[in-house]
There are 2 protein chains.
Amino acid sequence: MRKKFILEESELPKRWYNIKADLAKSPDPLLNPSTKEPLKPVEMEGLFAKELVNQEFSNERWIDIPEEVLEMYKIYRPTPLVRAYGLERALDTPARIYFKNESVSPVGSHKLNTAIPQAYYNKVEGIKRLTTETGAGQWGSAMSIACRHFGLELDVFMVRQSYDAKPYRRVLMNSYGASVHASPSEKTEFGRSLLNSKPEERGSLGIAISEAVEAAVSHDSARYTLGSVLDHVLIHQSIIGLEAEMQMEMAGVMPDKVIACFGGGSNFAGIAFPFIRHNIKAIAAEPAACPKLTRGEFRYDYGDTAGLTPLIPMFTLGHDFSPEQIHAAGLRYHGGGRLPSHMKREGLIDSAAVDQDEAFAAGLIFARSEGILPAPESTHAIAVVLREALKAKEAGKSEVLLFNLSGHGLLDLAAYEDFLPKI
Amino acid sequence: MRKKFILEESELPKRWYNIKADLAKSPDPLLNPSTKEPLKPVEMEGLFAKELVNQEFSNERWIDIPEEVLEMYKIYRPTPLVRAYGLERALDTPARIYFKNESVSPVGSHKLNTAIPQAYYNKVEGIKRLTTETGAGQWGSAMSIACRHFGLELDVFMVRQSYDAKPYRRVLMNSYGASVHASPSEKTEFGRSLLNSKPEERGSLGIAISEAVEAAVSHDSARYTLGSVLDHVLIHQSIIGLEAEMQMEMAGVMPDKVIACFGGGSNFAGIAFPFIRHNIKAIAAEPAACPKLTRGEFRYDYGDTAGLTPLIPMFTLGHDFSPEQIHAAGLRYHGGGRLPSHMKREGLIDSAAVDQDEAFAAGLIFARSEGILPAPESTHAIAVVLREALKAKEAGKSEVLLFNLSGHGLLDLAAYEDFLPKI
């Protein structure tokens with residue numbers, strides 16, 4: 001029985017997919033936070049590389065992937081598509097379950113897919129130093145490798161709570177040569193003001209974004225990078241779904257449903273958008289502790305805590321929302337981003353909220369049947385797959401489910417340690 | 001430029017290779033520790049599954065891989081062969097460097113290659129429970145996945161020092177359902193006697209082997225498993241080199257030298273033996289803290305501390321040798337094993353000793369040029385690759401080097417944390 005569907009390097013997609021070209025109705029624009037007028041590309045250029053801004057505003061269906069980016073993708077791409085025979089047997093379901101294994105990258109997650117082009121375009125435009133924020137450290141690790149490859153300096157603002165509790169991701173970033181600062185930090189005005197008023201502040205992704213943005217705009221040769229939420233990030237991640245589409249063709253079936261966990265939307269959009277253009281249903285798996293698509297309000301909101309970013313039309317729990325400390329740190333973002341929120345509103349995608357215990361239980365079933373210990377984020381997708389597979393069993397339907405294994409859990413064993421006594 | 005050489009699942013080798021069929025002179029036999037007579041297969045059958053004992057004594061060149069083992073190999077095999085263009089550029093060497101990437105397995109190392117068949121043969125023979133020892137936890141993790149897959153219970157005796165210092169590997173084993181005991185433990189007579197005389201004992205691989213052996217022989221339906229050293233283990237690992245041979249053919253060159261780190265010999269034999277039959281030179285990279293092939297004495301010695309195992313003719317530092325606490329825990333074994341020691345003595349393989357700082361420095365150069373953070377064990381192989389690549393540069397020779405990346409370092413970040421301040 002064929003378990004893995006493997007593409008040759010020569011079959012790597014040469015273009016990313018931009019779903020905006022295929023939307024009947026365009027999403028509302030980003031707004032300048034001062035003027036409340038639609039944001040102009042030029043207003044983002046102090047913050048992001050020009051080509052990334054171009055992509056942010058582009059309505060072209062296909063965007064060429066530069067040769068240098070393709071070369072670096074080859075470190076781990078194409079990634080395997082896997083038939084989860086073991087999981088199907090464990091669930092005794094007639095559903096056929098496939099997953100795209102993004103955990104095989106050197107950082108153990110899909111984040112490199114956009115870190116590489118973001119570092120590349122900045123290098124081409126003469127930028128010397130990048131800044132970014134990271135929660136648990138997955139995005140920071142990815143940027144560290146990409147910056148090292150293209151010869152850029154990198155400052156990572158890491159949520160202090162994670163910096164203290166998860167020192168190993170910091171070591172990983174340091175190993176690739178990045179500078180990592182616990183956020184809030186003394187490096188920025190915003191950080192200093194926070195620490196003045198509340199010295200015991202443990203930080204949040206929103207605060208870290210504010211600091212990384214401030215650190216970028218205060219230097220001419222520095223730019224900021226973001227690991228999710230924005231359109232250009234979602235475009236880069238489309239490589240996941242474009243590969244998966246070819247691999248499902250090799251398997252001889254198309255999925256009935258595509259499922260991925262949802263934090264800022266990047267791995268979800270990455271696998272789902274290329275399938276949505278074929279009218280295939282997609283489900284975003286959110287944590288019950290931070291269910292913006294499922295229970296948030298659709299309105300304009302900031303992307304960060306300090307209110308430095310453009311206003312984004314999106315489902316949001318409020319930019320000052322502070323979710324509880326679930327282990328899936330990558331899913332603790334308050335907003336759904338412009339594109340996924342628009343698509344949810346238009347009925348093009350569904351969402352489901354999963355509580356942490358259900359997610360970990362699903363993750364263990366997957367680990368024990370397929371061998372791979374999933375990242376806490378990815379366990380949310382697996383939990384929704386289990387729900388769908390059991391529905392298929394009740395209905396006696398051999399439905400085809402595809403999900404994205406966005407990362408492995410080898411750097412999240414402390415999370416499993418907390419959960420194991422509960423079973 | 002083609003970076004990765006990928007095989008299809010259908011190209012997975014269907015047979016393991018046994019180098020004993022191709023040796024001009026046979027290695028000396030194992031001896032029964034009581035009688036000092038050559039060990040008979042039947043004397044090992046209380047300890048190991050019968051088919052594993054058959055393989056231990058086999059001189060057949062090829063051994064069929066069972067279908068169920070091939071199916072489980074497909075979770076991560078075939079693994080990629082990679083051209084290390086980034087490392088070549090970083091070293092500015094005319095050498096062409098290839099590596100086999102065994103880090104893509106769910107436990108992050110090559111250990112599953114033998115854990116799977118060991119669990120399988122025991123299951124087929126009606127065994128219900130296996131025992132084993134583990135140092136840092138790589139072998140224990142591999143056995144945990146394999147036992148889960150084939151429905152066997154597993155007791156892992158983990159060196160207490162690692163059990164306390166590296167809790168995450170234990171959590172990984174627990175996640176797959178294994179029982180993990182800090183060794184010395186209260187579970188065995190040997191463990192209890194040690195703790196009685198020295199309550200602060202931190203354990204060693206030799207002690208853990210003694211406990212696992214005792215726990216196996218004291219139950220009829222239990223057997224012991226070992227992750228390295230023995231011939232049947234080395235046979236299973238030949239899948240690495242057999243795949244690599246096909247992949248080097250795809251690349252259109254054969255290696256001049258094959259390099260791997262050396263602990264108990266399993267990853268070294270795995271990649272090197274299939275090439276040695278073509279008269280290709282192989283170098284075992286040992287830690288300077290435990291250089292048995294390079295500086296040990298060739299004689300009969302026990303495989304464990306308590307002296308429960310057969311006597312093995314091998315290069316050894318003495319079964320009571322206690323190497324310093326280097327981070328490459330998988331390389332801290334006192335003996336070279338029967339086959340590699342015989343081959344070293346016959347001049348069929350070379351060895352080189354590498355101190356820890358040189359190894360980590362090499363590992364960082366690799367991480368920063370190829371993206372993948374290597375396991376502390378694998379950094380020893382990389383250090384020898386660097387030596388050879390620099391020699392090739394001095395000589396202006398475009399030599400072809402192949403090494404085994406036996407594992408990634410994502411569960412060894414504490415080791416990098418210790419080393420980073422030194423650079």
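The values are calculated or read from the model by the stated rules, or taken from the named source; none is laboratory data. A quick note: this is a predicted structure, and the numbers were derived from the prediction, not measured. When we count neighbours, we look across all protein chains shown, and the Cβ atoms used for this are built from the backbone with ideal geometry, even at glycine. Heads up: the accessible areas ignore ligands, DNA and RNA and are worked out on the full protein's heavy atoms, side chains in. Shrake-Rupley method; radii C 1.70, N 1.55, O 1.52, S 1.80 Å.
The DSSP beta bridges internal to the protein assembly as shown are antiparallel in roughly 35% of cases.
Neighbours of residue B:193 by Cβ distance under 13 Å: Lys/Arg scored +1, Asp/Glu scored -1, total -2. Report summary: the helix-based calculation at 222 nm, which adds -39500 (n - 2.57) for every DSSP H run with n ≥ 4 and divides by the residues of chain A, gives -12500 deg cm²/dmol.
Computed from Cα positions, the angle between helix A:205-217 and the longest principal axis of chain A comes to roughly 50 degrees. Once Rg and the Kirkwood radius are both taken over the C-alpha atoms of the stretch B:365-423, their ratio Rg/Rh works out to 1.03.
Think of the stretch B:20-127 as a dipole: +1 on every Lys or Arg Cβ, -1 on every Asp or Glu Cβ, centred on the Cα centre; then among B:30, B:105, B:65, B:105 lies furthest on the positive end.
If only the Cβ of Lys and Arg carry +1 and only the Cβ of Asp and Glu carry -1, the dipole of chain B around its Cα centre is close to 680 debye. Kirkwood radius for the protein assembly as shown, taken over all pairs of different Cα atoms as the inverse mean of 1/r, rounds to 27.5 Å.
Among A:83, A:345, A:170, which one shows the biggest mean-square fluctuation in a GNM of chain A, springs joining Cα atoms closer than 10 Å? Maximum among the listed residues: A:345. Charges were assigned to the Cβ only: +1 to each Lys and Arg, -1 to each Asp and Glu. The resulting dipole of the stretch B:1-155 about its Cα centre is roughly 620 debye. Summing both sides, the accessible surface hidden between B and A at a 1.4 Å probe radius is close to 3900 Å². Between 0 and 90 degrees, the angle of helix A:231-251 with respect to the longest Cα principal axis of chain A falls at about 20 degrees.
Restricting the calculation to alpha carbons of the stretch A:250-306 gives Rg and Dmax of 14.0, 49 angstrom. If R0 is 60 Å, the Cβ-Cβ spacing of residue B:197 and residue A:37 corresponds to a FRET efficiency of close to 0.15. For the stretch B:160-266, the solvent-accessible area of protein heavy atoms averages 33 Å² per residue (probe radius 1.4 Å; ligands and nucleic acids excluded).
For the stretch B:351-399, the alpha-carbon coordinates run over 30, 25, 14 Å along the three principal axes, in decreasing order. Shape call for the stretch A:90-204 from the C-alpha gyration tensor, a ≥ b ≥ c root eigenvalues: rounded (a/c under 1.5), prolate (a/b greater than b/c) or oblate? Oblate shape, in that a/c is at least 1.5 and b/c is the bigger or equal ratio. By its C-alpha gyration tensor, with a ≥ b ≥ c as the square roots of the eigenvalues, how is the stretch A:147-208 shaped: rounded for a/c under 1.5, else prolate for a/b larger than b/c, else oblate? Judged from the Cα gyration tensor, the stretch A:147-208 comes out oblate (a/c at least 1.5, b/c at or above a/b). Legend: residues B:253, A:385, B:124, sorted from most to least accessible area (1.4 Å probe; ligands, DNA and RNA excluded), read B:124, B:253, A:385. Residues of the stretch A:1-36 whose accessible area (probe 1.4 Å, heavy atoms of protein chains only) drops by at least 50 Å² once all protein chains are present, relative to their chain alone: A:1, A:3, A:4, A:6, A:8, A:9.
Shape class for the stretch A:26-174: prolate, because the ratio a/c of the largest to smallest gyration tensor axis (alpha-carbon atoms, square roots of eigenvalues) is 1.5 or more and a/b beats b/c. Residues of the stretch A:343-373 losing 50 Å² or more of accessible surface, assembly versus chain alone, probe 1.4 Å, please list them. SASA drop of 50 Å² or more in the stretch A:343-373: A:368, A:371. Using the Cβ of residue B:229 as centre and a radius below 12 Å, the other residues enclosed give a net charge of -3, where K and R count +1 and D and E count -1. Share of carbon and sulfur in the accessible area of the stretch B:163-238 stands at 48%, probe radius 1.4 Å.
With the highest mean first, a sort of the peptides B:299-309, B:59-69 on other beta-carbon atoms found within 10 angstrom per residue produces B:299-309, B:59-69.
The stretch B:214-361 has equivalent-ellipsoid semi-axes of 27, 19, 14 Å, by the square roots of 5 times the alpha carbon gyration tensor eigenvalues, sorted largest first. Considering only B:382, B:356, B:369, the residue lying farthest towards the positive end of the dipole of the stretch B:338-395 is B:382, judged by Cα position with unit charges set on Cβ. In a simple Cβ point-charge model (Lys, Arg +1; Asp, Glu -1; nothing else charged), the protein assembly as shown has a dipole of about 720 debye relative to its Cα centre. Taking the protein heavy atoms of the stretch A:276-315 in the context of the full set of protein chains, the accessible area attributed to carbon and sulfur is 49 percent at 1.4 Å.
Interface residues of the stretch B:390-423, defined as those losing at least 30 Å² of solvent-accessible heavy-atom surface relative to the isolated chain (probe radius 1.4 Å), are listed as B:410, B:411, B:413, B:417, B:420.
Only Cα sites of the stretch A:279-423 enter the Debye sum here, all with the same form factor; the resulting log10 I(q)/I(0) across q = 0.18 1/Å is -1.07, listed in q order.
Here the alpha carbons of chain B define both size measures, Rg and Dmax, at 20.0, 62 Å.
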